[in-house]
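The values are calculated or read from the model by the stated rules, or taken from the named source; none is laboratory data. This structure is a prediction, so every number in the text was calculated from the model and none was measured. All Cβ positions, glycine included, derive from the backbone under ideal geometry; neighbour counts span all protein chains shown. For the accessible areas, the whole protein counts, side chains as well, though only heavy atoms, and no ligand, DNA or RNA atoms are used. Shrake-Rupley method; radii C 1.70, N 1.55, O 1.52, S 1.80 Å.
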Amino acid sequence: MTHTVLLTDYAWPDDGIERSVIEAAGCRLVSGPANPAPAEQIEALVRDHQPAAILTCWAQVSAAAIAAAPDLRIVARLGVGLDNIAVDAATARGIWVTNVPDYCVAEVSDHAVGFALAWTRGLVHFDRQVRGGHWEPASARLRRISELTCGIIGFGRIGRATAAKMAAFGCSIVAHDPYAPDAAAGVRMLPLDELLAISDIVVVHAPLTPDTHHLIGADALSRMRRGSLLINVSRGGVVDTEAVIDALESGQLGGVGLDVLEAEPEIPARLLAHPGAMITPHVAFSSDASLIELRRRAAEEVVRVLSGQPPEQPRNRPAA
Ligand code: NAD
């Protein structure tokens, strides 16, 4: 029997890599629109095509979508975070949920370091100034990065990579992670409040969960060093955007580097208007190499499960 695989959405120009892996295994690929459709449309796609596997990038794979395909065996995330998938519903129905946890560790940590360097060296600020007709080197308020403390919230794969890179610039590194199995050489593990109080640069690498929603809100921001930099390359919901804008406007934050926003792609006008805000459109994961690896490995996971093998990167333990 030919299995149908539903690709709900994709954040690249075409579905060629996914299609070649799926079709080489004798399966059929049905692709939804590139931009993620609303949950109800995804549920309708699932009802119409009855897939044995779902590959998803950003689209919501709801409990209703999972219930709509009786022969579904795997929901494979084209990415790391699982916040768009009803994992518990999949687990209860005996369906694997997988991700590709390590395809962009280098890229996301580079992105965080990029924001840090852009801030300490004024790269984004002065580029905007010069294009606006202002050549004013005497206005520079730059920082020596090797004298700064970098606090990393979420000391997992990406957090550890950022720590190693920032340490190479001479920063003192502290980290907060209630679940980290171990520390790393040269990294001091601290409670969140202590990290916030001593860091010049705070980098958010914790996943979005019910516990981490608005982990960085008005209270946390008030505990940071005045004029420090906040970087979020994790998920928008971990940081309270309105509180960040207030902190920028009051000078409590000296800058912010955001690759992710709570209501992306909506950007609050006050954030756009603030000169201290550096914003990228959720691209920290992206590079030529990372995208090829991501797409190939997610599709191979689907083929593995449809051919009766267990996945290499299960994120749940499906009920029997
Ligand atoms: P990971 O699972 O290896 O590490 C996450 C760490 O966060 C874990 O060590 C966990 O213990 C810790 N954590 C959980 N709750 C916490 C809390 N309340 N406070 C502090 N730490 C907490 O994941 P990773 O590969 O390092 O990725 C981290 C996150 O980055 C992902 O969840 C994903 O949402 C995000 N991400 C973003 C992009 C992007 O393009 N912007 C790309 C990939 C991943």
Highest GNM mean-square fluctuation among Val244, Val80, Val30, for the chain with Cα springs under 10 Å, belongs to Val30
Net charge near Leu7 (other residues with Cβ under 15 Å of its Cβ; Lys, Arg +1; Asp, Glu -1) is -2
Averaged per residue, the 1.4 Å probe accessible area of segment 105-279, protein heavy atoms only, in Å², is roughly 47 Å²
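Classify the chain from the C-alpha gyration tensor, please: rounded if a/c falls under 1.5, else prolate or oblate depending on whether a/b exceeds b/c.
Cα axes put the chain in the prolate bin.
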Relative contact order of segment 163-320 (C-alpha contacts under 8 Å, at least 6 apart) in percent is 14 percent
Asp259 neighbourhood, Cβ < 14 Å, K/R = +1, D/E = -1, net charge -3
Given unit charges at Cβ for Lys, Arg (+) and Asp, Glu (-), the dipole magnitude of the chain about its Cα centre in debye, nearest 20, is 620 debye
Charge tally for neighbours of Asn84 with beta carbon under 14 Å away, counting Lys, Arg as +1 and Asp, Glu as -1, is -2
Per the rule of 0.36 nm per residue minus the C-alpha distance, extending Arg223 to Asp246 adds in nm 6.9 nm
Scattering profile of segment 178-320 from the Debye formula, Cα beads only, expressed as log10 I(q)/I(0) at q = 0.19 Å⁻¹, is -1.13
Sorted by chain and number, the residues with a modelled amide H under 5 Å from that of Leu78, at a separation of 5 or more or across chains, are Thr56, Cys57
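Going by the alpha-carbon gyration tensor, a ≥ b ≥ c the square roots of its eigenvalues, is segment 1-84 rounded (a/c under 1.5) or, if a/c is not under 1.5, prolate (a/b greater than b/c) versus oblate?
Oblate, because a/c is 1.5 or more while a/b does not exceed b/c.
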Projecting the Cα atoms of Gln252, Leu29, Gly81 onto the charge dipole of the chain, where Lys and Arg contribute +1 and Asp and Glu -1 at Cβ, the residue farthest towards the positive end is Gln252
Under the rule rounded for a/c under 1.5, else prolate if a/b exceeds b/c, else oblate, using alpha carbon gyration tensor axes a ≥ b ≥ c, segment 174-251 is classed as oblate
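Considering Cα pairs under 8 angstrom that are at least six residues apart, work out the relative contact order of the chain and quote it in whole percent.
Once divided by the residue count of the chain, the mean separation gives 18 percent.
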The set of residues whose placed amide H lies less than 5 Å from the amide H of His3, leaving out same-chain residues fewer than 5 positions away, is Arg28
Going residue by residue through segment 42-55, the Karplus relation 6.51 cos²θ - 1.76 cosθ + 1.60 with θ = phi - 60° gives ³J(HN,Hα) values, rounded to whole Hz and with x marking Gly or Pro, of 5, 4, 5, 4, 5, 4, 5, 9, 6, x, 8, 8, 10, 9
Free-by-geometry Cys in the chain, Cβ-Cβ under 4.7 Å as pairing rule, reported as Cys27, Cys57, Cys104
note: segment 105-279, Cα-Cα separations exceeding 23 Å make up a percent value of 35 percent
